[in-house]
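To keep things clear, I will list the structure first and then write my remarks on it.
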Amino acid sequence: MSDILSEINKRKTFAIISHPDAGKTTLTEKFLLFGGAIQTAGAVKSNKIKKGATSDFMEIERQRGISVATSVMTFEYKGKLVNILDTPGHKDFAEDTYRTLTAVDSVILVVDSVKGVETQTERLMEVCRMRKTPVIVFVNKLDRDGQDPFSLMDEIESKLDIQLRPLSWPINRGPFFKGVYNLYDHSLNLFRPSTQTLTDNIITIKDINDPELDKQLGKDVNQLRDDIELIDGVYGEFDPKEYLTGDIAPVFFGSAINNFGIQELLDTFIRIAPTPRPRNTETREIQPDENKFSGFIFKIHANIDPNHRNRIAFLRICSGKFERNKFYTHTRIQKNLRFSTPVTFLASDKSIIDEAFPGDVIGLYDTGNFKIGDTLTEGEILQFTGIPSFSPEIFKELVNKDPMKTKQLDKGIQQLTDEGVAQLFTMTSNNTKIIGTVGELQFDVIQYRLLGEYGASCAFKPIQFHKAVWITSKNPLKLKEFIRTKSNYMAVDKDEKPVFLATSEWILNLTKQDYPEIEFHTTSEF
Ligand code: G4P
């Protein structure tokens, strides 16, 4: 039992999130360099889909290859075991990112100091807020002439609806950037632009009035002292407890490409970031140190080689110890399964592991048993919650172009939607299949993969739906009546839950007014 506890206390599982180009890949790489998991810069490939490549299938394949290889990156740093879960860069894969966020215990959010908060970041933060995930903000690219740090703080607070607490503060920026003052440790980190040197140039000082600062900074010290006085007045003391409850996000400044501020960020992360947290199920809260194993599937990846139909299901371990070759209960289908070749994803090698602990993510080869959200336990019938689907943004009708291959098409679409490539809604009136996605790219992916992996060809017909909302009611008769009256707009999702497909926001609002006894939900979990 105690060995489980010490394994739990060692682990920090998190994701780096950002708008594309803010510096997520660069930061990830620097962390891995610090952790000794890689030796050279350039080893981590960006999982971005290149601009203008939306119909380039090679690019989609390249992306799939990279995203398996870099799904989970693990390294040890100062006695802790750090698991970084990768998130896709392209906005069309945003759903994948939302799901990955369900498997982490904290997040580092990268903001570009020049561009400030960008739209994609807003959505990602919404998910973190929903889950009360602790967030550290890293403001990147201080070597460029970015925005004034105070107005940047205001922008982040108002657009992302979070309360910040700067723990470091920049001295100038762009060509005049001198470094950052660390408010937490009272140290001065002087900027030496270098992509080669890892360690920061840190000078320890007593406090903001230390004459060493005058010596190092010259006349810039006055501005720094004014800024720090203002920060202490406006933001108050930093309380790590408020960070852990998701109420306050500490902020660091730096330049990932120049290795600047990374060590400081990593050292603080190691100190304050949460170890594996308890998780909710439909019946009870699961503590990580319970001696029985439990975990859930948050991502499924098809094999890149179409000749091998098996898939890799990503399991986040929530409690107890996972062991190779032991039987576990797949609670949705109530079947016992055992896994002879569970893998970890160290670097680009997949290696078989014998055991894993809470906070770890392992890959299980799957022949079609899993869908996203599935729970594995040592027998107790549980279902982890907090892995909701969100309403897609684009809806299209699936058209079968080859009636001889109907079976293949049905199977393919079933499996692709199990993997979470897109959402499937079946119209209640005529069984028409509607595919919902967050981006156009997924339709290309589906068409391409259905043909390549299942031999089925399909087309997509545009359809005027705006949003999918899950409906419930305390009054079963009213619910039945609603479903009957709105039958042309009613569908069921993959779990047979009733979904109302609204043609516009206006219609949705009107419908809500007309049917006060119906509850409308924007996510599949309520
Ligand atoms: P992403 O994963 O969030 O999409 O961003 P990524 O790390 O790929 O970084 C996007 C671009 O920003 C890269 O340039 C990267 O070199 C640059 N970058 C990262 N950190 C800093 C920084 O601190 N300062 C400056 N000035 N630039 C930074 P690129 O030209 O798109 O790619 P590359 O050819 O340099 O790899």
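Output the qualifying pairs, or none if there are none: Cβ atoms under 7 angstrom, residues six or more apart or on different chains, first residue in the range 8-33 and within 13 Å of residue 269 (Cα to Cα), second residue near the ligand (Cβ under 7 Å from one of its atoms) and of a type in the set (D, E, K, R).
16/24
At least 2 residues that are surrounded by 15 or more Cβ atoms within 10 Å (Cβ to Cβ) and in contact with a strand residue (DSSP E or B) (Cβ under 6 Å, 6 or more places away or on another chain) in each: list the strands (runs of 3 or more DSSP E) lying fully within the range 326-413 that qualify. Give the steps one after another, and end with the answer.
Values: elements: 327-330, 335-338, 361-366, 375-377, 394-400.
Those strands (runs of 3 or more DSSP E) span 327-330, 361-366, 375-377, 394-400.
Inspect the range 179-190 for any residue being touching a residue at least 40 places away in the same chain (Cβ under 8 Å), hydroxyl-bearing (Ser, Thr, Tyr) and either loosely packed, with under 14 Cβ neighbours inside 10 Å or away from the ligand (no atom under 16 Å from the Cβ) (or both) and give the result as yes or no.
Yes, the range 179-190 has at least one match.
What do you reckon, is residue 421 over 20 Å from residue 320 (Cβ atoms), in contact with a strand residue (DSSP E or B) (Cβ under 9 Å, 6 or more places away or on another chain) and outside any loop (DSSP other than H, G, I, E, B)? Step through it out loud before you land on a result.
Working: over 20 Å from residue 320 (Cβ atoms): yes; in contact with a strand residue (DSSP E or B) (Cβ under 9 Å, 6 or more places away or on another chain): yes; outside any loop (DSSP other than H, G, I, E, B): no.
Judged against the criteria, residue 421 is not a match.
Would you confirm, using the coordinates I've provided, whether residue 141 is within 16 Å of the ligand (Cβ to nearest atom) and on the phi > 0 side of the Ramachandran plot? Show your work before the answer.
Details: within 16 Å of the ligand (Cβ to nearest atom): yes; on the phi > 0 side of the Ramachandran plot: yes.
So residue 141 passes the test.
Is it fair to say residue 265 is within 16 Å of the ligand (Cβ to nearest atom) and either touching an Asp or Glu at 6+ places or on another chain (Cβ under 7 Å) or touching a residue at least 60 places away in the same chain (Cβ under 8 Å) (or both)? Lay out the reasoning, then the answer.
Numbers: within 16 Å of the ligand (Cβ to nearest atom): yes; either touching an Asp or Glu at 6+ places or on another chain (Cβ under 7 Å) or touching a residue at least 60 places away in the same chain (Cβ under 8 Å) (or both): yes.
Considered against the rule, which asks whether it is within 16 Å of the ligand (Cβ to nearest atom) and either touching an Asp or Glu at 6+ places or on another chain (Cβ under 7 Å) or touching a residue at least 60 places away in the same chain (Cβ under 8 Å) (or both), residue 265 comes out as yes.
Which residue is nearest to residue 449 (Cα to Cα), if the candidates are limited to the range 487-503 and must be part of a strand (DSSP E or B) and β-branched (Val, Ile, Thr)? Walk me through it before giving the result.
Kept after step one, since they are part of a strand (DSSP E or B), are these residues of the range 487-503: 490-492, 498-502.
Still in the list and also β-branched (Val, Ile, Thr): 492, 499.
Values: 492: 24, 499: 27 Å.
Here the answer is 492.
Out of (1) assigned to a strand (DSSP E or B); (2) touching a Lys or Arg at 6+ places or on another chain (Cβ under 9 Å), the odd one out for residue 165 is which?
(2)
Is it fair to say residue 156 is more than 24 Å from residue 218 (Cβ to Cβ), in a strand (DSSP E or B) and not charged (D, E, K, R)? Walk me through it before giving the result.
On the way: more than 24 Å from residue 218 (Cβ to Cβ): yes; in a strand (DSSP E or B): no; not charged (D, E, K, R): yes.
So residue 156 does not fit the description; no.
Provide a single number: the residues in the range 414-424 that are in contact with a helix residue (DSSP H, G or I) (Cβ under 8 Å, 6 or more places away or on another chain) and open to solvent by less than 20 Å² (accessible area, probe 1.4 Å).
Within the range 414-424, residues that are in contact with a helix residue (DSSP H, G or I) (Cβ under 8 Å, 6 or more places away or on another chain) and open to solvent by less than 20 Å² (accessible area, probe 1.4 Å) number 4.
Residue 509 - would you say it is open to solvent by 40 Å² or more (accessible area, probe 1.4 Å), in contact (Cβ under 8 Å) with a residue 24 or more places away in the chain and polar (S, T, N, Q)?
Details: open to solvent by 40 Å² or more (accessible area, probe 1.4 Å): yes; in contact (Cβ under 8 Å) with a residue 24 or more places away in the chain: no; polar (S, T, N, Q): yes.
It is false that residue 509 is open to solvent by 40 Å² or more (accessible area, probe 1.4 Å), in contact (Cβ under 8 Å) with a residue 24 or more places away in the chain and polar (S, T, N, Q).
Every residue in the range 122-132 that is in contact with a Lys or Arg (Cβ under 9 Å, 6 or more places away or on another chain) and surrounded by 14 or more Cβ atoms within 10 Å (Cβ to Cβ), please. Outline the logic, then answer.
Filtering the range 122-132 for residues in contact with a Lys or Arg (Cβ under 9 Å, 6 or more places away or on another chain) gives 122-123, 125.
Passing the criteria: 123, 125.
Could you run through the range 134-163 and say how many residues are in contact (Cβ under 8 Å) with a residue 24 or more places away in the chain, open to solvent by 10 Å² or more (accessible area, probe 1.4 Å) and polar (S, T, N, Q)?
2
The values are calculated or read from the model by the stated rules, or taken from the named source; none is laboratory data. From a predicted model like this one, the values you see are computed outputs, not experimental measurements. Note that each Cβ is placed from the backbone with ideal geometry, even for glycine, and that neighbours are counted across all protein chains shown. These accessible areas exclude ligands, DNA and RNA; they are computed on the full protein's heavy atoms, side chains included. Shrake-Rupley method; radii C 1.70, N 1.55, O 1.52, S 1.80 Å.
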